[in-house]
Structures are given as C-alpha cells and as structure tokens.
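Rule-based calculations on the coordinates, nothing more; no lab input. All figures in this text were calculated on a predicted structure; none of them were measured in a lab. All Cβ positions, glycine included, derive from the backbone under ideal geometry; neighbour counts span all protein chains shown.
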Amino acid sequence: MMARLSAGLSRRGAILLAVLFVVLLSAPFVVHDYLLTVLILILYFAYAGQAWNIMMGFAGQLSLGHAIYIGLGAYVAATLFIRFGVSPWLGLLGAIPVAAACGAIIGFLAFRFRVAGVYFAILTIAFAEFARIGFDHLDFVNASGGLFLPVKQNVHSDPWLLRGDPRMFYYVILLATSLLFIVCHLLLRSRVGYFWLAIREDEQAARATGIDTFRYKMYAVMVSAAATSFAGVFYAFFYNNLFPEQVFSISRSIEIILGPIIGGVGTLFGPILGAFVLTGLAEVLNSAMTSFGIEVPGVTQVFYGICLLLVVAGLPDGVWPPLARLLRVSTSKK
Amino acid sequence: MASDVYLNVVVGGVLTGLVYGLLALGLSVIFGVVRVVNFAHGEMMTIAMFIAVVSFSTLHLDPLVSLVPIAAAMFVFGYALQIGLINPFIRRAEHTQFLLLVALGLIIANGLLIIFGPDARSVQTSYALDSIQIGPLIVDTAKVYAGLAAIAFTVALFVFFRFTLVGKAIRACADNYTGAQVVGLDVKRLYALTFGLGAACVGAAGTMLTLLIDATPMLGPSYTLLAFVIVITGGLGSMPGALLGGVLVGVTEALAGLLFTPSAKSMFAFGILVLVLLFRPQGLLGKRLA
C-alpha cells in the first residue's frame, strides 16, 4: 500500500506535497475570514475538477454536463436534511448511488449506441439541461422557488450535520480534496487506471488488446459522477440555498472544468494548480475592481474565458507539465 | 373550436421553427465544411440580437430592414474569427476546438452582460401585436414576417451553394480537403468564407428572433444547444434537414407549451435529441456515415 502510494513520486515531489499539505492545514490559523472563504472556493474547484478529470483526463470522455451530478448530490442531501433531518454524511450515501446511476444511464446510452466525440459532449449538456428544467418544475423540491437550509446562529460547529463556521467547511473540503487526490493517484496506478489511459490514447487499439472498453468507460463515468456528487453536497451546505437555475446551469459545468484544463488535463496536480491559479487570480481581479469602486457582473467570467482561450491556444497540456519539469518533480508521464 | 387552437399553435410553431432552422443551418454549414463544432453559436446569435435591438432603439430600424446589414456584419465577424482564431486549430484535437469556442462563448456572453446589463430588451415594432386571419387561422404578423424572411435567406444560401462557382468550391472543400488543395483551391480562405456565411445565417436568425423573444446576454447556451438538437435531428450537413429539424422542434415546443407549461418546452426538444441520437444517429435526412 505505502509502496503504491509513493510510486511515481520523486523525493522533491514528496517534500513539496508535504509542505503544501502542512501549509493548507495551518492556513485557518493564519489567514482571516475572507481569505479562508477564497481558499474554500479554491479547494471546492480543485475537488470538483479532480472528479471531472477522472472521466476526461483519465478515460478521455469529455463531459460538459457535470452540473447534473453536482445538482443531484446537492438536492438529494439537502432534501434528506430539510425533510428528515438526516446528516449530510448519510445523505451522501444516498447522493452517491443516485449520481452514479445517472452517470450509468448517460454512459449506457452513449457507449452502447456509439455516441462519441462532439455528440457525446452534447448529450451530457442535454441531460444537465433536462435536469435543470425538470427540477424547475418538481414541486417535491419546491421547483424554481429553491431550497433553503436552516442556518443557526451562534452555535458551535457541528461537523456531523455540516453546520458551522467557515473553518469547519475548510477542513471538510481539504480532507475531501486530499482523499480524492490519493484515490486518483491509486486509480491511475491500478489495472483500471491503465485501461482508462489506453482507452484515452486509442480506443480502437485498446479494444484490440482485449480491453472491454464499454465496461471501463462505464466505470469512469460512474466513479466520476459519484465523486462529483460530494461537491454538490458541499455546495448545498456551504451556500445554504439551492436553485435549479444555478446548480444545474451550464456555467456550473464549465467553471469546474476550467481548473483541470488550465492546470493540465489528465494530471493529478493539474486540477489543484488550476483551481489555485484561476480562482486566485479571479479574486485578485475582484478585489482590485472593488477597490476602484467598479461593480460589474460578468468580468470574472470574461477573465475565465480569456484564461481558457490563452491556455488552449498556447499551453495545450496545461500549466502543470511544464512547471513540473521546471521544478524537476515529475517522474511520470504527462 | 379546440382543433382551431391546435392548428394555430402548430402554424405558429412552424414559423418559429423556420427561424430556428436558419439558426441551425449556420451551425450545419460550418460543421459540414470546416468540421469545427461551433460551441459559441448561441452567443453569436445574441450579438446579432443586441445589434438589432440597439439599431431599433437608436436608429429606429425595423428588424426586417436591419436584417441584411446585420447579416453582413456577422459575415465579416465570422470571416475574421475563422482567419484569426480558428484556422490555426483546424488540425488540432477535437476537444481543443470545442474548448476554444466554449471560451469564446463565455467571453461574448459576459462581454454583452458587462455592456448591456442583465435586463431583457425587446423590439417594439408597430406590428408587434397585430395578427393575420386566414379562415379559422390566426397568426402573429411578426411570426409570419420572421418565417418568410428565414425562408428567403435559406433559399438564397441554397442557390449560392448550388449554382455559384464559389459555392461549388466550398462544397469541394467539404467533400475532400486534400483534393481541394491539390486542384489549387485556397482552402483557408474558403473556410473563412464558410464560417462567415454560417455567421450570416446566425445574424439573420438572431435579428428575426428579436421579433419573437426578448434579448438577454445569457440566452446563448440554450440556443447553442437548440441549434445542435436541430442539426443532429435533421442530419449534419443537410440543408433541408436543418429546416425540417427546425420546424419539428418549433412545433414540438409550441405544442408542449400548450399542453404542459411553456417553461418546460425545451425538455421535449431534448427528448427528440436523445431518440434521434439513439435510433437514427445520422439524422432524419442525413447520409449514413461509414
């Protein structure tokens, strides 16, 4: 187990990773509340980006509709909590199968009927939009009126019910991001992971070597969907409100894929680095604008668009691979 | 009486669908020739809508008049876009192209949001509330104009591709990239021309749509998706297919709006999409790919 964990990681890489983890672990004692909220956002994007990366980065299946898994996770956990007072951790046990089943349906339809390439991407968007409009009319979850999670003031943090101050949310998402990072690391070095990479590089060839590509693509969608559903649970409990119009929207799907694309699709550090770079820069931009007294919606999104454009045009592998070479930490492939 | 209602709704759906068809035609032309999937299609349409709204409010130009200059302006925009941004990406991986255009869409939509704000803007023509009565049939005048303009534009495009030398050259590029280069066609310029023509379709469709719906900066993604649904339904690269798909989606939406609730109408378009993708992936009028 330990050998597997450290496989592919150079000494420098291990030290760097340890330093990063310690810094993140101690951050809440150093930074003030605003910065802590930014860090929570960064880790949320790192987590969701990592989850998306399983499907696109590892198995090469481009999903532009991951908002559906975020939305399902958020709605399952929030509904259980509001209606029955169920802990979000138990709610997660409901959210994961629901999201995985949804991923399985999309995957089954797409892979069984050979819907690939651009058609696959469109199909994922269509399902997310279908869910958005569907939830907008679903009275059981208050339709377009949205759900609101009860907020109690001046109570000490209750991690079991995910009610508390930003510090608690920070540690929850840090833990989740670290766990997912380790899981992805292990996955990449497992049999399944190698099959995924083979499918990503050349599906025909993968099939020719005897890999059951349908089955492994299904695994990729389901694992990715299940992991993404936790991002939804976190989203619901962190923001305390939930609207189909927002949680299922295309912009949700797009914003979570920006991090891994900018950081480096298919790499383990890419989603984390991308989230730090993108969200960090966006926050700098925001505070600069606020200090100049400019309040215009859309500027952050334009900034995201420009970043995406520049990276796609100039650094098709993302920022991490060249940076890793610079830091001499990578012993692995791209 | 009841059947009259259905008839009216269906005819209204057909007219709206023709405009949808023109929008989708732009996507189909671009994909059919340049082989680039324009994920910024709806956003380009929103640009045209805002130009139409602004030229109406400042210059009092009726959308039926501003139709031609806006289509021309969008042609130039599309041409420049292909030359400046997309041509270098022609030989790159498919998903790189998607993301390039997703980025472009993000910039356009939010650029419009910054300039115009989030409010819906509409065009109040003198005939906005008029309707035409033919026997039991009552249709909105605006819809009739929009539908007719869409047909005229489509016919012009069809004639161009069928009967002009440039149109023939573009079809040659679509059929065989290498072959077109061998016989000395300037493929990059023809690609730019094609993207321009696709953008002109979008421009015309967007201008017509201001007669039917309000313009907001965030309309883009759902109309990109709508155009895809139509193109996939009709068959990629098929011009009559795009119109047929547009009409089919227009009528479905109109009927869904009548029988269920208008805000849920797009769900039915997605239903069509899923059915077509699964059972007739080449589309209703598309050629089966090998």
Using a simple charge model, +1 on the beta-carbon of Lys and Arg, -1 on the beta-carbon of Asp and Glu, nothing else, what dipole does the protein assembly as shown show about its Cα centre, in debye to the nearest 20? 2220
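Count the lysine pairs in the protein assembly as shown that are 8 or more places apart or on different chains: how many have C-alpha atoms under 22 angstrom apart?
5
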Give the residue list of trypsin sites (Lys or Arg not before Pro) in the range A:63-170 that are DSSP loop and have at most 15 other beta-carbon atoms within 10 angstrom. A:Arg114, A:Lys152
If we sort B:239-245, A:15-21 on the protection proxy, mean other Cβ atoms within 10 Å, highest first, what's the order? B:239-245, A:15-21
Evaluate the charge dipole of the range B:148-261 about its Cα centre and quote only its size in Debye, nearest 20, assuming +1 on the Cβ of each Lys and Arg and -1 on the Cβ of each Asp and Glu. 380
If I stretch the segment between A:Asp158 and A:Val183 completely, what's the gain in nm (0.36 nm per residue apart, minus their alpha carbon distance), one decimal? 6.4 nm
Along the charge dipole of chain A, which of A:Ala288, A:Met222, A:Cys102 sits closest to the positive end, that is, farthest toward it, with unit charges on the beta carbon of Lys, Arg, Asp and Glu (+1, +1, -1, -1)? A:Met222
Would you please put A:209-217, B:16-24, A:285-293 in order of how densely packed they are, using the mean number of other Cβ atoms within 10 angstrom per residue and starting with the highest? B:16-24, A:209-217, A:285-293
Which whole-angstrom value gives the distance between the alpha carbon centres of the range B:30-51 and the range B:205-261? 14
Spin-label model distance (nm) - B:Ser3 vs A:Leu20, 7 Å beyond Cα toward Cβ: 7.0
Shielding by other protein chains, A:306-313, mean Cβ within 10 Å: 5
Across peptide A:131-138, how many C-beta atoms of other chains are within 10 Å of each residue C-beta, on average? 3
Size of electric dipole in chain B: Cβ of Lys, Arg +1 and of Asp, Glu -1, about Cα centre, debye, nearest 20: 1020
Given the candidates A:Phe238, B:Met239, A:Phe140, the one whose Cα lies deepest towards the positive end of the charge dipole of the protein assembly as shown, counting +1 at each Lys or Arg C-beta and -1 at each Asp or Glu C-beta, is B:Met239
